[in-house]
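Beneath this line is the structure, given in structure tokens, with notes to follow.
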């Protein structure tokens, strides 16, 4: 399985779990027992958009691209520089 396959399989599962589509999948990493996927989800729309509030989630997938866990890492304002 490669990164593109994981992204294709991760997106619908993330959407189903969160009941909302992610803004973007911001990272995909191979782990020893599967994959780790991070995504940004809009929590609150603001004007201007740089004041939107986003939640950053981390999802763990097994080697068959099935979700085995997830957690919210943090909330950020869209205009913030991510220093992770």
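The values are calculated or read from the model by the stated rules, or taken from the named source; none is laboratory data. What you see is a predicted model; the values in this text were computed from it and never measured. Using ideal geometry, Cβ is built from the backbone for each residue, glycine included, and neighbour counts are taken over all protein chains shown.
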Any chance residue 61 is touching a strand residue (DSSP E or B) at 6+ places or on another chain (Cβ under 9 Å), under 17 Å from residue 2 (Cβ atoms) and surrounded by 17 or more Cβ atoms within 10 Å (Cβ to Cβ)
yes
Count of the range 1-24 residues which are surrounded by 12 or more Cβ atoms within 10 Å (Cβ to Cβ), out of contact with any helix residue (DSSP H, G or I) (no Cβ under 6 Å at 6 or more places or on another chain) and touching a residue at least 12 places away in the same chain (Cβ under 8 Å):
13
Among the residues of the range 28-37 satisfying the criterion of being under 11 Å from the mean Cα position of the chain (by Cα) and either modelled with pLDDT under 95 or crowded, with 18+ Cβ neighbours inside 10 Å (or both), which is farthest from residue 59 (Cα to Cα)?
28
